[in-house]
Amino acid sequence: MTRFLLTEDKVITFIEHLQKQKNVFAPHKRGTNSFAFEQVSDPASVMLDYTRTLHSVKKYFMPPREQLLSFSLTDNSFAEPTVDPVDAIFLGVHSYDLQAVFKLDHNFSEGNPEKNYLKRREGALFVGVTFAPDQWHFSGSVGINPNDADGFDVFLFAVENGYAVEAFTPAGESLLSGFEMSEFNSDIPAAADFNQHIYVPQGKLSEVFDNAWDNEVWEETSKECVGCGTCNMVCPTCYCFNVEDGVDVTATVGQRERHWDACMTRDFSEVAGGEVFREELAARQRHRVYRKFKYISDKTGQPWCVGCGRCTASCSAKISIVNIVNKLVQDHEQATVAPV
Amino acid sequence: MKDLYFPVMAEITGVKQLSPMEKLFEITLPGGVDLEHDPGQFVELSLFGVGEAPFSVSSSPTRKGTFELGIRNVGMLTDVLHRMEAGEKVGIRGPFGSGFNVDDFKGKDVMIVAGGIGLVPVRSLINYVLDNRDDFGRLIILYGSKTDKDLLFTDELQQWTDDPKVEYHVTVDSGSDDWTGNTGVITTMIPGLDLDLENTKCVIVGPPIMYRFVLLSLNSKGMPEENIYMSLERRMKCGVGKCGHCQINSSYVCQDGPVYHYPDLADLQEAL
């Protein structure tokens, strides 16, 4: 396919070109070290060169708080909420975050398909961009590289003085049409290396986790962990939720809402009467990590972690999922090597 | 696409006090349609402004027109529910999950081991067997309760006692002065049973601690694992395999359970 050169000085007009077609959401700088996906109002404030956003684009398809229905307490009737497709262009998405969206698509489509999520997902177009791995990224270990354009409508490959732009879908081609760019005929420079890795091929992870249940790493990490659930909140593939009713101050109407929930918190596995099925922090950490590398993976054949590094970057106790997995890998290999 | 989270507005058509803590609610769906559940399945009951929670259906699908939920007053939603009366509305979603596959039980002896409030869900199976009595062999019911004052469904317990085709055994951890029955934990009743082990389907429903001891006892008795079934408690928030709350390893209790065939459960850590 043809690639075009988008020079650095044309990026703003390119964003303006996209804005004429649909709403555009892109990374913006927030605070000193943080980035967030937000709707673009000023194209000059878009940051295409960023490490990672605090939350992934998941927040648009599965909002942190979402109405499931509204009700009237006077006559016990309820009404369907309005759920509109996000129908926007997501610009500057890193490859791991798009793969995370595809994983959520699987979770909300399989078994009982969920209308709310699938409706919001309609019409979303993704324009990817190369990322430079920082100290937390490890997506290469789960098969996702900085220049992976899989699934994108358009990808912006980082090159000297700008981006090599390629469309991969008819919708992507249509996004580019009418925007003047010269052809780009050079090679795409190799993406930068990752600074950390999981030390086995992803195909072997399931086997590692077969022998990881009683590993001491769960107990060790639980000494530092405070069970705050931040790792769940920032994870682009976590989709567990709680459902609660809220009542308006008039006490006549209200809404049933779902909100993101965290398996690292104690009450997540609590049942009526107070029994908690994962009382220990070690058991909760194990559940979280098994969900990323074993439980769903055995059914789908791929890790459910995309290697974005958010859980580790955001952890106030500095618990590293890569260190946990590598400890399991190391112990598994020592246990399976035949004695000399 | 069907909306997964919308309830059907049903009516409470009867309320009966089962014990100081438990009430039995008779629920009628709009138009008196049947719930069409399997014994062992659950529904999500909701009260607008309070919330939603999962409850096992206590009645057998053979009893038409209404269904029953036996509910302990143990939290916010159940507290509000316990103050409600016949004629008031509740939201119902479901039935959900996998119940007892009664076809597998046909022609077999059926043994029920129920502890405390565990009798509520398993009553759906007991009454199913009683309503199709000729399809099954012996019906053996072991029921254990903390005290004789906590015994549930006392009218039905009396019927089982009087029914020559039901082998009903009951024990309480501690009985009051006028209690003349067995005293002791439920496992004390297992060694003395004369069972056709290969031909007996055994169902265990009770608090987590009870499962471990009943399993040990059944194992000593020589009960084959493939003849054992259990129903597990978790807080299913969605009932449709999405919210993650009921997950045990890779199994969702709201989908694969709450009724499990023991060999499928034996490999799951954190199940019991």
Exercise for review: Can you tell me the relative contact order of the range B:102-231? Whole percent, Cα pairs under 8 Å, sequence separation 6 or more.
Suggested key: 29 percent
Study note, to complete from the structure: Quick calc: nm separation of the 7 Å Cα→Cβ label points for B:LYS165 and B:ASN219 -> 3.6 nm
Exercise for review: Mind scanning B:LYS149/B:LYS221; A:LYS294/B:LYS237; A:LYS115/A:LYS204; A:LYS59/A:LYS204 and naming the pairs with a C-alpha gap bigger than 27 Å?
Suggested key: B:LYS149/B:LYS221; A:LYS115/A:LYS204; A:LYS59/A:LYS204
Check your understanding: How high is the FRET efficiency between B:GLN17 and A:LEU73 when r is their beta carbon distance and R₀ equals 25 Å, given to the nearest 0.05?
Key -> 0.40
Check your understanding: For chain A, which DSSP H helices look membrane-span-like by this rule: Cα extent along the axis of 18 Å or more and mean Kyte-Doolittle of at least -0.5?
Key -> A:95-109, A:321-336
Review point. So what's the range A:1-63 giving for Cα Rg divided by 2.2 N^0.38 Å, two decimals?
Key: 1.22
Study note, to complete from the structure: Once A:ASP193 and A:GLU280 are pulled to full extension, the length gained, defined as 0.36 nm per residue separation minus their Cα-Cα distance, is 27.6 nm
Point to revise | Local electrostatic count at A:HIS94 - Lys and Arg +1, Asp and Glu -1, tallied over other residues with Cβ under 10 Å | key: -1
Exercise for review: Report the far tail of the P(r) of chain B, meaning the percent of Cα-Cα pairs longer than 36 Å.
Suggested key: 11 percent
Check your understanding: A:ILE12 to A:LYS59: FRET efficiency via 1/(1 + (r/R0)^6), r the Cβ-Cβ distance, R0 35 Å, to the nearest 0.05?
Key -> 0.90
Check your understanding: Which of the cysteines found in chain B have nothing to pair with, since no other Cys Cβ lies under 4.7 Å from theirs?
Key -> B:CYS202, B:CYS246, B:CYS254
Review point. What spacing in nm lies between the two simple spin-label points modelled at B:THR183 and B:ASP135, each 7 Å away from Cα in the Cβ direction?
Key: 4.2 nm
**Study point:** Gyration tensor (alpha-carbon) shape descriptor, the range B:102-231, a/c threshold 1.5
**Key:** oblate
Check your understanding: Which of A:LYS292, B:LYS165, A:LYS223, B:LYS23 comes first, and how do the rest follow, when ranked by fewest Cβ neighbours within 10 Å?
Key -> A:LYS223, B:LYS165, B:LYS23, A:LYS292
Check your understanding: Rounded to a whole number of µm²/s, how large is the Stokes-Einstein D of the range A:55-210 at 4 °C and 1.567 mPa s, given Rh as the Kirkwood radius over C-alpha pairs?
Key -> 71 µm²/s
Point to revise | Radius 14 Å from Cβ of A:ASN145, net charge of other residues (Lys, Arg +1; Asp, Glu -1) | key: -4
Practice item. If a cysteine in chain A has no other Cys Cβ under 4.7 Å from its own Cβ, put it on the list, ordered by number. Key: A:CYS225, A:CYS228, A:CYS240, A:CYS263, A:CYS305, A:CYS308, A:CYS315
Check your understanding: Which value in deg cm²/dmol, rounded to the nearest 500, describes the helix-derived mean residue ellipticity at 222 nm for the protein assembly as shown, given -39,500 (n - 2.57) per DSSP H run of n ≥ 4 and division by the residue count?
Key -> -6500 deg cm²/dmol
Practice item. Express in whole angstrom the spacing between the alpha-carbon centres of the range A:54-103 and the range B:135-165. Key: 49 Å
Revision key, fill the gap. Residue-ordered couplings for the range B:125-131, obtained by feeding phi - 60° into the Karplus form 6.51 cos²θ - 1.76 cosθ + 1.60 and rounding to whole Hz (Gly and Pro as x), are 7, 4, 6, 5, 5, 5, 7
Revision key, fill the gap. Proxy exposure order for B:ILE186, B:ILE12, B:ILE204 (fewest C-beta within 10 Å first) is B:ILE12, B:ILE204, B:ILE186
Exercise for review: Measure of size requested: the Rg and Dmax of chain A, with Cα atoms as the atom set and Å as the unit; please supply both.
Suggested key: 22.0, 77
Exercise for review: Normalise the Cα radius of gyration of the protein assembly as shown by 2.2 N^0.38 Å (N = residues in it) and let me know the number.
Suggested key: 1.12
Practice item. Provide the three semi-axes, in whole Å and in decreasing order, of the ellipsoid equivalent to the range B:8-96 as defined by the square roots of 5 times the Cα gyration tensor eigenvalues. Key: 18, 14, 13
Point to revise | Rounded to 5, the percent of DSSP beta bridges in chain B classed as antiparallel | key: 55 percent
Point to revise | Summed residue charge, Cβ within 12 Å of B:TYR262's Cβ, Lys/Arg positive, Asp/Glu negative | key: -3
Check your understanding: If you take the beta carbon distance between B:GLN158 and B:MET76 as r and set R0 to 25 Å, what does 1/(1 + (r/R0)^6) give as a FRET efficiency, to the nearest 0.05?
Key -> 0.15
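Bear in mind these aren't lab numbers, they're just calculated from the coordinates by the rules spelled out. Treat the numbers as computed from the prediction; the structure is a model and nothing was measured. Cβ coordinates were reconstructed from backbone atoms using ideal geometry, including for glycine residues, and neighbour counts include every protein chain displayed.
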